[in-house]
1. Can you name the residue in segment 59-96 that is in contact with a helix residue (DSSP H, G or I) (Cβ under 8 Å, 6 or more places away or on another chain) and assigned to a loop (DSSP other than H, G, I, E, B) and is also surrounded by the fewest Cβ atoms within 10 Å (Cβ to Cβ) among such residues?
2. Can you tell me how many residues in segment 5-58 are over 20 Å from Ala80 (Cβ atoms), small (Gly, Ala, Ser) and not in a helix (DSSP H, G or I)?
3. On the basis of being of a type in the set (Asp, Glu), out of contact with any strand residue (DSSP E or B) (no Cβ under 6 Å at 6 or more places or on another chain) and within 23 Å of Ala89 (Cα to Cα), does Glu25 make the cut?
4. Pairs please, first residue from segment 31-44 and β-branched (Val, Ile, Thr), second anywhere and part of a helix (DSSP H, G or I), Cβ atoms under 8 Å, 6+ apart in sequence or on different chains.
5. Under the condition of being surrounded by 12 or more Cβ atoms within 10 Å (Cβ to Cβ) and among the basic types (Lys, Arg), which residue from segment 1-58 is modelled with the highest pLDDT?
Amino acid sequence: MKKVTLEPDLEAFTSGLIGSVVGREYTNVDVARDFRYLMMTDPALGKRVLFMLLTWCGEFDDPPEGNEDLQRWAGKREVAARIKAAMYADLSSPID
């Protein structure tokens, strides 16, 4: 039995993340299905997790004034847009 520790094993975590998709054909439809399954299996938990992800992506922040900060904010908002696109994707439409 592995001893539980509060020290993260970031290398193993990263390796596990990469191994979950590398070597398989992982399409945008797969991404949308995975997001929906994750968020909708437990709707209350899904909403909290989605809210935190979008918050970290600056979804609810006002645009900053400085150009450098504005570019960083816009980049984070692009990630938020991708997450929302995966959630809103129409899985009944044909794949292009």
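The values are calculated or read from the model by the stated rules, or taken from the named source; none is laboratory data. Small disclaimer: the values here were computed from a predicted structure and weren't measured. Ideal geometry is used to build each Cβ from the backbone, glycine not excepted, and the neighbour counts take in all protein chains shown.
1. Ile95
2. So the count comes out to 2.
3. In short, yes.
4. Val31/Ala86
5. For segment 1-58, the residue satisfying everything is Arg48.
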